[in-house]
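Undergrad: Here it is, the structure in full.
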Amino acid sequence: MSDQPTNEKMSQETEEAKVKFVKEMMQKREQERKEQLVAVVMRQTDYDEPKARMKLEEHKYDVSKTILEYMKPDHEKANSVDSNNKGNKSANQLIYGEFRKLLDDASTNYRVEKEQEEKRVRYIQMLQQQRDAAANSLKKKTE
């Protein structure tokens, strides 16, 4: 019976050692991968190692974003301004929004012009009635 606690203790220590070994291996792989990404960025840009590492960290180790920033430094700023102004709409939504606005404006202008034309016609009719009434009253006075 004295072997059982020792075996359990040894198996627990073995398990802990395995977990520790796996963690160390994962950290080592992660570090190697980061080094590879730094090398890729250094080949694609003129960044030195510290700057490449810093830029990768800024972009959460996304090589595409890092290189895009190198190629178009104001791209990130323009995107953030555009997204704030446009409310994160897709290109299609923006196109149809502008189309809808154009149609709404055209409809409003048509309605306003139509109302003005109706007022003008009524005013002309009123003036004609007054003219006719004045002509009739003048005829009656001259008769």
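Undergrad: Between residues in the stretch 42-63 that are closer than 16 Å to GLN31 by Cβ and residues that are assigned to a loop (DSSP other than H, G, I, E, B), which pairs lie under 8 Å by C-beta distance while being six or more apart or on different chains?
TA: ALA52/THR45; LEU56/ASP62
Undergrad: Out of curiosity, is LYS23 part of a helix (DSSP H, G or I), over 37 Å from the mean Cα position of the chain (by Cα) and not small (Gly, Ala, Ser)?
TA: yes
None of the figures in this text is laboratory data; all of them are computed from the coordinates on show. Only a predicted model underlies this, so the values are computations on that prediction, with no experimental measurement involved. Cβ atoms come from the backbone with ideal geometry, glycine included; neighbour counts cover every protein chain shown.
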